[in-house]
Amino acid sequence: MLKKIASDALGLSDIGKIIGPADYDKTDADDYIRHEDDEKIYFLIKTKADEYCFTNIAFIHVDGDTAVSSKRTLKRYPYSQYKFTDVMLETAGKVDLDVEIKFTLGNQAFSIDVDKKQLDQLKDLYKALGSIAEVTHENSIQMDMATQSLDRAVQVLHNTRPAEVQLAEQYEKLTEFGFNWIQQARAKYHEKDFGAVFEKYINN
């Protein structure tokens with residue numbers, strides 16, 4: 001019991017290692033990468049029980065029950081559906097052997113311990129995730145503004161329609177215009193692939 005308490009206090013219980021690109025094919029996460037959709041691994045952390053894989057389009061968590069169990073649960077979080085928030089990096093104290101990266105993805109909070117000797121590499125991931133969080137936040141604002149401007153335009157057109165224009169015809173045109181407007185805004189502000197961000201910050 002004392003050994004376990006000391007182990008947890010020092011961060012020894014399940015310290016992760018950052019896996020280099022040359023060894024991606026030796027991990028479980030690599031088996032679930034959608035190479036057919038040009039998905040690519042940019043960062044991978046492996047602990048005794050889990051794997052945390054960051055690709056250009058999704059975060060993949062290979063969740064192990066325990067370090068001694070072969071049972072694994074695969075959880076996939078596409079960036080187009082889940083947003084990064086609360087990205088934090090916790091450096092090591094004098095007696096700590098690990099550093100920690102924390103973030104929330106959707107409603108799921110993650111806290112991953114990593115060998116403090118790999119802090120410089122973890123800083124790159126911190127920068128990338130922070131950048132993605134900023135981009136998606138700004139895109140959400142722009143998407144809301146596009147929707148609001150469409151609503152205002154439709155209201156103005158509705159209130160100023162000429163009497164000779166048939167109501168059904170006008171609504172058909174407004175509906176088509178609105179659909180095209182939102183579709184264009186979504187294509188511009190709803191990003192799915194963040195490969196460029198990872199390329200900028202990750203230096204494996």
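Observations on the model:
- Selection within the range 97-118 - farther than 23 Å from Gly195 by Cβ and either surrounded by fewer than 17 Cβ atoms within 10 Å (Cβ to Cβ) or under 17 Å from the mean Cα position of the chain (by Cα) (or both): Leu97, Lys102, Asn107, Ala109, Ser111, Lys117
- Any hit, the range 124-146, residues being assigned to a helix (DSSP H, G or I), modelled with pLDDT of 95 or more, open to solvent by 80 Å² or more (accessible area, probe 1.4 Å) and under 23 Å from Tyr24 (Cα atoms): yes
- Residue in the range 30-69 that is farthest from Val114 (Cα to Cα), counting only those that are assigned to a loop (DSSP other than H, G, I, E, B) and of a type in the set (Lys, Arg): Arg34
- Val154 being assigned to a strand (DSSP E or B) and either over 19 Å from Phe43 (Cα atoms) or modelled with pLDDT of 80 or more (or both): no
The values are calculated or read from the model by the stated rules, or taken from the named source; none is laboratory data. Note that the structure is a prediction, hence the values are computed from the model and not measured. Cβ atoms come from the backbone with ideal geometry, glycine included; neighbour counts cover every protein chain shown. Quick note on the areas: whole protein, heavy atoms, side chains included, nothing else; ligands and nucleic acids left out. Shrake-Rupley method; radii C 1.70, N 1.55, O 1.52, S 1.80 Å.
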